[in-house]
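Below is one structure, written out as C-alpha cells, with a few remarks after it.
The values are calculated or read from the model by the stated rules, or taken from the named source; none is laboratory data. Just so it is clear, the model here is predicted, and its values are computed rather than measured. Here Cβ is always computed from backbone atoms with ideal geometry, including for glycine, and neighbour counts include all displayed protein chains.
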Amino acid sequence: MKYNPNDIINAAQKLSRRALLVGALQLGVVTALGARMRFLQVKEAEKFRLLAEENRINMRLLPPARGIMFDRDGRPVAANVPNYRILLVREETEDVEQVLTQLQKLIAINPNDLEKARRELSRRSAFVPVTVTENLSWSDFARVAANAPALPGLLTDVGLSRIYPQKENLAHVVGYVGPVSEHYLSRTKDPDPLLQIPRFQVGKTGVEAQMEHGLRGSAGHQRIEVNAVGRVMRELERTEGQPGATVKLTIDSKIQNFALARMDGLSASAVVIDCATGDLLAVASSPSFDPNLFVRGISSKNYDALRDDIFGPLRAKAVQGTYAPASTFKMITALAALEDGVLSPDDTVFCPGHFEISNNRFHCWKRQGHGALNVEDSIAQSCDVFFYSISQKVGIDKISAMARRFGLGEYHDLPLSAISRGVAPTRAWKQKSFDKAWLIGDTVNASIGQGYVLASPLQLAIMAARLGTGRAVQPRLLQSIDDTAMPLGTGAPLDVDPAHLKVVQRAMFAVTNTKKGTAYSKRIVSPDLQMAGKTGTAQVRRITAEERLTGVISNEDLPWEKRDHALFVNYAPHDNPKVAVAVVVEHGGGGSSTAAPIARDITLFALTGQMPELSHYPSGVKAQIKEEQEELAPKLFDWSTLERKGQVQT
C-alpha cells in the first residue's frame, strides 16, 4: 500500500498541533499548581502556621470532690452523691427536636430544663455537650444508657452533687451550696480558677460558707489535645484533684432533731451546750427548711413561700436573733452587786409592786408586790423591784462588765453565718450609738434584761453553762477536721467569788424546785437529773398607764406579733452540770408556761439520749406529757433510713 506524501505531511502537522496543545495545557496546570503552592507557602504561610500551632495541648481544670461533714457520732449531714446527667452534642444528631422527643418517651423531663437546654444548644458550638437534665434516678439513667445507640448525639455522664441527708434538721447550721453567681464573684477576692467553671458550686450559708476554702479542696487537671476550633482530639494525661476536708461537727443530730420537733409549729430557737467541753450539741431554729431545694436551684414559688413566712424559716434565730433577755438576766445583776459589795446574800428589799425614781414608776410583774425578799428569793420568784433597787447602787457599767464575763455582749467565733454580738450596754456605748446621755431609767430597765440589753439564744446558753460550772466555757462547733481534733472549750475558772456564785446557783435551783419558784410546775423530779433554771418574759410593746388602770391585756388577746417573747435558761444536773440549755419562743407569752417545758424536755433528752420517761415528770402532768409525746414521736427523724457514714461519694 502506497502512502500519499501529502497525507503524511498533513498528519504530521496535526500531531504537532495536538502535542503543542497538550503541552500548553500541561504547562498551564503546572503553572497554576506552582502559583497555588507559592500562594499557600508564602502568602498564607503565617495563617497555616498558626492553625497548626493551635492543634496543641490544653490544660483543663477538674473540680475536686467537696469535703463531707458528719455529726459527732458519724451521721452524715452533708455528703456527695452521684449526679446522673444526660448530655446532648448537637453536631452528632441531624434532628435535635426528634432526639429530645424520643428522650421524653423514656424519662420525664422538667419543661424548664428542656427550655434551658434548647437555649444553651443554640448559643454553644455544635460540638460542645450541653446538659439536658441531671440528678436522675439510677433506673432512668440506665434506661437512657440502654437506648443511647438509637439516640444519636445523647451522652450519659456521672458527676457529684451535694446532698443533705437530714434535710431540715441542720439547715441553719450546715447551710447549703449554690452556683457561683456574678454577685458572688464581684464581692470576693478569691482568685481560685475553679470559680470560673460553669455550674461550680460554693457554700452560701452556715458551715458550708464559713469553711468554703477547706471544704472546696484543690483542683485536678487534664491535659488534652485540641484542634484549631477547640474540638478535643484526645486525652493525654489526667490528675484528679484533692478532695475537700472531712469535717466532724460537735452537733448531736438526735438532740437537734428532738429540739426541732419539740418546737414544731412555733417561731423559736434552742441551744444545747456540753458544760464539760463547750461542745454545741444542738443549735436549732424553728421552723427550718430543706437545704436540698437550693442545691438544684429553688423555684421562685418555693423561695417566696420561705421568704414571706411570718415565722422566718430562713433565719438562723439561735445565733442571729437577739432578744431582750428579760428576767434571765437577773443573775448577772445580782452577781454584779454581790461582787461590788453593795449587796450581801442576806440583804432584803421590800417590793410593794412598783419602784419610783425621778418621778417615774416602774412596775413589778406581780401587781400586789412580793414583800421583803433577799437575793435568792428575788431570783426564785423573779421580783423586778429588787433588781430595780440594787441596780442604782451598782451602776450600769459594772452590770455590763459582769454580763460580758458571762458571754453576753461578746462575739463568739464560730463557723456560722451572721453571729450576733448582742448588746451589754454602757454609758459610753449609748453616747456613741445614739449621741445621748445614759439615764437612770435606762439602768432600771437594764437590771431586768430589758431596755438596751440584747442577747442571742447562743449567748444565753453560754451564760447558763458558765453560771452552772463557774468556768469560762467556750462554745465549740468543730470537733475535728481531717481527723485532727479541735481544742476543747472547757474554759478557765471565772474571776467570780465562788461564794457569790453559789448564792445564784441556789436561787436558780429554787426557781424550778421550790413551790414559790416561777418554774416549779416544770421541774424534773428525778433527783439525779434535777435542773436549775430561770424564766424570762420579754415585752415587745409598751404598756401604757391607762392600760394598767383598766387591766393589762393578756398575750392570748393580742395579735401574735405583739405578744411577749418567752425565755428559759437552765443547766442540769444542778449539782454536776453536764448540759446547759437556752430556749426562746418568739411571741410565745410567758417564759414559765411556754419556754420552760420545752427546755425541760430537751434537757431530759440530752441527758438520757431518748424520749424522756414519764417518771421524770411531776405526777400531775404525766398524762399530759404522755399525750404530747405520742404527738411528738411521728415528727422525729427515722434514723434507720440514714446509713452510718453512708450516702457519701468522694
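Listed by first and then second residue, the pairs linking a residue in the stretch 111-125 that is within 17 Å of Gly153 (Cβ to Cβ) to a residue that is of a type in the set (S, T, N, Q) and part of a helix (DSSP H, G or I), with Cβ atoms under 9 Å apart and 6 or more places separating them unless they lie on different chains, are Leu114/Gln104. Reported count of residues in the stretch 440-457, each being among the small types (Gly, Ala, Ser), surrounded by fewer than 21 Cβ atoms within 10 Å (Cβ to Cβ) and in contact with a helix residue (DSSP H, G or I) (Cβ under 8 Å, 6 or more places away or on another chain), is 1. Scanning the stretch 27-59 for residues that are among the polar types (S, T, N, Q) and either out of contact with any strand residue (DSSP E or B) (no Cβ under 9 Å at 6 or more places or on another chain) or surrounded by fewer than 10 Cβ atoms within 10 Å (Cβ to Cβ) (or both), we see that the one that is modelled with the highest pLDDT is Thr31. Taken over the stretch 589-640, the residue count meeting the criterion of being loosely packed, with under 13 Cβ neighbours inside 10 Å and aliphatic (A, V, I, L, M) is 2. When Asp252 is tested against the conditions (1) out of contact with any strand residue (DSSP E or B) (no Cβ under 9 Å at 6 or more places or on another chain); (2) buried (at least 17 other Cβ atoms within 10 Å of the Cβ); (3) of a type in the set (D, E, K, R), the lone failure is (1).
Listed by position, the helices (runs of 4 or more DSSP H) inside the stretch 329-448 whose residues that are within 33 Å of the chain's Cα centre (by Cα) number at least 3 are 330-340, 396-405, 427-434.
Pick from Ala507, Ala519, Ala472, Ala465: which is assigned by TED's automatic domain parsing to the domain that holds Asp564, in contact with a Pro (Cβ under 8 Å, 6 or more places away or on another chain) and surrounded by 24 or more Cβ atoms within 10 Å (Cβ to Cβ)?
Working: Ala507 fails: in contact with a Pro (Cβ under 8 Å, 6 or more places away or on another chain); Ala519 fails: in contact with a Pro (Cβ under 8 Å, 6 or more places away or on another chain); Ala472 fails: surrounded by 24 or more Cβ atoms within 10 Å (Cβ to Cβ).
On inspection, the qualifying residue turns out to be Ala465.
Condition test on Lys534, is it within 31 Å of the chain's Cα centre (by Cα), at pLDDT 95 or above and more than 29 Å from Phe311 (Cβ to Cβ)? Judged against the criteria, Lys534 is not a match.
Of the residues Lys167, Lys189, which single one is on the phi > 0 side of the Ramachandran plot and among the charged types (D, E, K, R)? Outline the logic, then answer.
Numbers: Lys189 fails: on the phi > 0 side of the Ramachandran plot.
Just one listed residue meets the conditions, Lys167.
The lone criterion from (1) within 20 Å of Ile273 (Cβ to Cβ); (2) surrounded by fewer than 21 Cβ atoms within 10 Å (Cβ to Cβ); (3) out of contact with any Lys or Arg (no Cβ under 7 Å at 6 or more places or on another chain) left unmet by Glu410 is number (3). Ser300 passes every criterion in (1) farther than 23 Å from Met463 by Cβ; (2) at pLDDT 95 or above apart from (2). Only one of the numbered conditions (1) of a type in the set (S, T, N, Q); (2) in a loop (DSSP other than H, G, I, E, B); (3) closer than 21 Å to Ser327 by Cβ is not met by Gln474, and that is (3).
Suppose we filter Ser526, Ser521 for residues that are assigned to a helix (DSSP H, G or I), in contact (Cβ under 8 Å) with a residue 12 or more places away in the chain and over 24 Å from Gly278 (Cα atoms); which single one remains? Outline the logic, then answer.
Working: Ser526 fails: assigned to a helix (DSSP H, G or I).
Only one candidate qualifies: Ser521.
Within the stretch 243-261, does at least one residue satisfy the condition of being touching a Lys or Arg at 6+ places or on another chain (Cβ under 7 Å) and assigned to a helix (DSSP H, G or I)? Scanning the stretch 243-261 turns up at least one residue that is touching a Lys or Arg at 6+ places or on another chain (Cβ under 7 Å) and assigned to a helix (DSSP H, G or I). Figure legend. Inter-residue proximity from the stretch 346-364: first residues surrounded by fewer than 12 Cβ atoms within 10 Å (Cβ to Cβ), second residues in a loop (DSSP other than H, G, I, E, B), beta-carbon distance below 9 Å, spacing 6+ or different chains. Indicated pairs: Asp346/Asn374; Ser358/Leu439. Looking across the stretch 206-241, the residues that are modelled with pLDDT of 90 or more and outside any loop (DSSP other than H, G, I, E, B) come down to Gly206, Val207, Glu208, Ala209, Gln210, Glu212, His213, Gly214, Leu215, Arg216.
Kindly indicate whether any position in the stretch 401-419 is of a type in the set (Asp, Glu), in the same structural domain as Ala461 (by TED's automatic domain parsing) and touching a residue at least 60 places away in the same chain (Cβ under 8 Å).
no
Within the stretch 3-11, is there a residue that is among the hydroxyl-bearing types (Ser, Thr, Tyr) and at pLDDT below 70? For the stretch 3-11, residues among the hydroxyl-bearing types (Ser, Thr, Tyr) and at pLDDT below 70: present. Of the residues making up the stretch 473-497, those that are hydrophobic (A, V, I, L, M, F, W, C) and in contact (Cβ under 8 Å) with a residue 24 or more places away in the chain are Val473, Leu477, Leu478, Ile481, Leu488, Leu494, Val496. Within the stretch 576-593, the residues that satisfy the criterion of being assigned to a loop (DSSP other than H, G, I, E, B) and in contact (Cβ under 8 Å) with a residue 24 or more places away in the chain are Pro577, Lys578, Glu586, His587, Gly588, Gly589, Gly590.
Pro493 meets the conditions (1) at positive phi; (2) touching a strand residue (DSSP E or B) at 6+ places or on another chain (Cβ under 7 Å) in every case but one. The failed one is (1). Among the residues of the stretch 319-328, those that are assigned to a helix (DSSP H, G or I), surrounded by 24 or more Cβ atoms within 10 Å (Cβ to Cβ) and of a type outside the set (A, V, I, L, M) comprise Ser327, Thr328. Would you be able to say whether some residue in the stretch 309-318 is in contact (Cβ under 8 Å) with a residue 40 or more places away in the chain, buried (at least 24 other Cβ atoms within 10 Å of the Cβ) and of a type in the set (Val, Ile, Thr)? Within the stretch 309-318, not a single residue is in contact (Cβ under 8 Å) with a residue 40 or more places away in the chain, buried (at least 24 other Cβ atoms within 10 Å of the Cβ) and of a type in the set (Val, Ile, Thr).
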